[in-house]
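A.B. asks: Okay, here's the structure, questions in a sec.
Please treat every number below as a calculation from the coordinates, not as lab data. Owing to the predicted nature of the structure, the values given are computational and were not obtained by experimental measurement. Glycine also receives a Cβ, built like all others from the backbone with ideal geometry; neighbour counts cover every protein chain displayed.
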Amino acid sequence: MPETEPPILFEKRGALGLITLNRPKALNALTHGMCIGMLKALEEWAGDPGVTTVAIRGAGPRAFCAGGDIRSMAESSAEGSAAAANFLHDEYRLNAAIGGYPKPYVALTHGVVMGGGAGVSVHGRYRLADADLAFAMPETGIGFVPDIGSSFFLSRCPGGTGAYLALTGTRIGLGDALALGLVTHSVAGTDHAELLDHLAAGKDAGVAVAALARSQPTSSLATLRSRIDMIFAGSTVEAVLERLDRDQDEFATATARLIRSRAPVSLKLAMELVRRGGALSRNDCLKMEYRVASRRVMDADFREGVRAVLLDKDNAPRWSPATLVGIAEGGIAGYFAPLGRRELRLPDNARD
C-alpha cells in the first residue's frame with residue numbers, strides 16, 4: 001500500500017528548523033528523496049538568520065531511523081542501474097553537510113538507530129537518546145559495509161570497540177552509546193517536546209539540552225572492555241577470530257560465531273575501513289566509503305544478504321566466497337581504488 005503521508009516533514013518553529021522523519025511503518029527508513037529534501041532544508045536554514053538551531057526526530061514509538069531504503073538499493077543492484085550509487089552519493093553529501101553544519105544540529109533519537117539513522121544523527125553536534133535506544137551498524141550481515149561516515153566515528157571509539165561494532169553488527173543500548181561517544185546526552189523521550197519549545201524560543205541549544213539531560217546509565221560493555229580491546233586490536237579479521245577461538249569462553253564463542261555468519265568480503269572491507277578511517281577527516285572517510293560502498297552494493301553478496309535477511313527471511317545467506325580463506329591476498333584493494341569522474345566531491349568544512 002502506498003504511503004499517503006509525506007515521508008519527511010520540514011517545519012520552521014520560531015528559531016527552530018525541525019525535521020521529522022515520517023515513515024513510522026518503515027521504521028523511518030531513509031529514501032533518496034528524503035535525503036535530497038534534507039539537504040535542501042539544511043542549506044536554506046543555514047542562510048536564514050531567524051533559524052538558530054536545527055533538530056531532527058523520528059515519528060512513531062519504535063524507531064528514530066532504521067537505516068536507508070535497502071530494498072530499493074537491492075532492486076537497483078539487480079537491475080544494474082546507477083540508482084543505488086546515486087542514493088549513496090546524496091546520502092553521503094547529507095552526512096557531510098550535517099558534520100560541517102554551521103548551526104547547532106540536535107538529533108532526538110529513540111528506539112532503533114541503525115545505518116543511515118546513525119548517519120543523520122552521529123555527525124550532529126548534539127546526539128540525544130532515550131533509554132530504549134538500540135544502536136547498530138549491521139551491514140556486514142547483509143553483505144554490505146558499515147558506511148555513512150562510520151569509518152570516521154567507529155575508528156574514534158575507544159580501544160577495540162569500533163572494530164567490534166563494525167564486524168559483529170551488535171546492538172548496543174544507551175549506556176554503551178554514551179560511553180563510546182556515539183551519543184552525547186541521555187534525554188527522555190517525554191522531555192523532547194519541552195526541549196523543542198526551548199529551541200523554538202531561541203534558547204541556546206547546549207544550555208537547553210544540558211538542562212534536560214539525565215544521569216548516564218551503566219555501560220554493559222564496561223566489564224568486557226579489556227577483552228574487546230585486546231581481541232579486536234588484531235590487524236586482520238583472521239587475527240581477531242584466532243584470539244576469540246583461543247579464549248573459548250561464552251563471550252568469545254558467541255562473538256566468533258556471529259562474525260563467521262557475516263559476509264567474509266564485507267568483514268575484510270569493514271576492518272580495513274575502520275583501520276584507515278582513524279587517520280582521515282570525516283569528509284575523507286565519506287569519500288573512501290563511497291568508493292567501497294558504490295562497488296559493494298552491486299555485488300551478488302549484497303543482493304543475497306537482502307534476500308536472506310529482509311525478503312525471504314530465512315537468515316541463511318550463501319556468501320561468495322563462503323569463508324575468509326576464499327579471499328585472495330589483496331583481494332579487496334580494488335574496492336578502494338579511485339572512481340575517476342564518479343568520485344564523491346565534498347567541501348573541506350567538516351567538524352572533525
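A.B. asks: Are any residues in the range 134-161 of a type outside the set (Phe, Trp, Tyr), assigned to a loop (DSSP other than H, G, I, E, B) and surrounded by 24 or more Cβ atoms within 10 Å (Cβ to Cβ), and if so, which ones?
C.D. replies: Hits for the range 134-161 are 137, 143, 145, 146, 147, 148, 149, 154.
A.B. asks: From the list 305, 202, 278, which residue is in contact (Cβ under 8 Å) with a residue 60 or more places away in the chain and in contact with a Pro (Cβ under 6 Å, 6 or more places away or on another chain)?
C.D. replies: Just one listed residue meets the conditions, 305.
A.B. asks: Mind listing whichever residues of the range 210-247 are charged (D, E, K, R) and part of a helix (DSSP H, G or I)?
C.D. replies: Filtering the range 210-247 down to residues charged (D, E, K, R) leaves 214, 225, 227, 229, 238, 242-243, 245-247.
Hits for the range 210-247 are 225, 227, 229, 238, 242, 243, 245, 246, 247.
A.B. asks: Among the listed residues 239, 254, 210, 270, which satisfies the condition of being surrounded by fewer than 21 Cβ atoms within 10 Å (Cβ to Cβ) and closer than 21 Å to residue 176 by Cβ?
C.D. replies: Checking each option against the conditions leaves just 254.
A.B. asks: Among the residues of the range 209-222, is there at least one that is under 19 Å from the mean Cα position of the chain (by Cα) and touching a residue at least 12 places away in the same chain (Cβ under 8 Å)?
C.D. replies: Among the residues of the range 209-222, not one is under 19 Å from the mean Cα position of the chain (by Cα) and touching a residue at least 12 places away in the same chain (Cβ under 8 Å), which makes the answer no.
A.B. asks: Something else about it: Going through 267, 273, 258 one at a time, which residue ends up being in contact with an Asp or Glu (Cβ under 8 Å, 6 or more places away or on another chain) and in contact (Cβ under 8 Å) with a residue 12 or more places away in the chain?
C.D. replies: Numbers: 267 fails: in contact with an Asp or Glu (Cβ under 8 Å, 6 or more places away or on another chain); 258 fails: in contact with an Asp or Glu (Cβ under 8 Å, 6 or more places away or on another chain).
Checking each option against the conditions leaves just 273.
A.B. asks: Consider residue 147 against the criteria (1) under 30 Å from residue 18 (Cα atoms); (2) out of contact with any Asp or Glu (no Cβ under 8 Å at 6 or more places or on another chain): it satisfies all of them except one. Which criterion is unmet?
C.D. replies: (2)
A.B. asks: Right, another one. Filter the range 298-352 down to residues that are among the β-branched types (Val, Ile, Thr) and exposed (fewer than 11 other Cβ atoms within 10 Å of the Cβ) and give me whichever is nearest to residue 93 (Cα to Cα).
C.D. replies: 323
A.B. asks: Any residue at all in the range 324-339 that is part of a loop (DSSP other than H, G, I, E, B), closer than 16 Å to residue 84 by Cα and in contact (Cβ under 8 Å) with a residue 40 or more places away in the chain? Reasoning before the result, please.
C.D. replies: Looking only at the range 324-339, we keep the residues that are part of a loop (DSSP other than H, G, I, E, B), and these are 327-332, 337-339.
If we keep only those that are closer than 16 Å to residue 84 by Cα too, we end up with 339.
Filter again for in contact (Cβ under 8 Å) with a residue 40 or more places away in the chain, leaving 339.
Yes, the range 324-339 contains at least one residue that is part of a loop (DSSP other than H, G, I, E, B), closer than 16 Å to residue 84 by Cα and in contact (Cβ under 8 Å) with a residue 40 or more places away in the chain.
To keep it simple, each residue is scored yes or no on (1) more than 30 Å from residue 301 (Cβ to Cβ); (2) not hydrophobic (A, V, I, L, M, F, W, C).
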| site | (1), (2) |
| --- | --- |
| 24 | yes, yes |
| 38 | no, no |
| 66 | no, no |
| 98 | no, no |
| 128 | yes, no |
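A.B. asks: Then there's this: Return the residue satisfying two criteria in turn: it lies in the range 262-308 and is touching a helix residue (DSSP H, G or I) at 6+ places or on another chain (Cβ under 7 Å) and among the small types (Gly, Ala, Ser), and of such residues it is nearest to residue 239 (Cα to Cα).
C.D. replies: It comes out as 270.
A.B. asks: Can you name the residue in the range 166-197 that is in a loop (DSSP other than H, G, I, E, B) and of a type in the set (S, T, N, Q) and, of all such residues, is nearest to residue 211 (Cα to Cα)?
C.D. replies: Checked the range 166-197; the qualifying residue nearest to residue 211 (Cα to Cα) is 184.
A.B. asks: Can you pull out every residue in the range 132-180 that is aliphatic (A, V, I, L, M) and within 21 Å of residue 93 (Cβ to Cβ)? Give the derivation first.
C.D. replies: Initial filter on the range 132-180 (aliphatic (A, V, I, L, M)): 133-134, 136-137, 142, 145, 148, 154, 163, 165-167, 172, 174, 177-180.
The answer is 137, 145, 148, 154.
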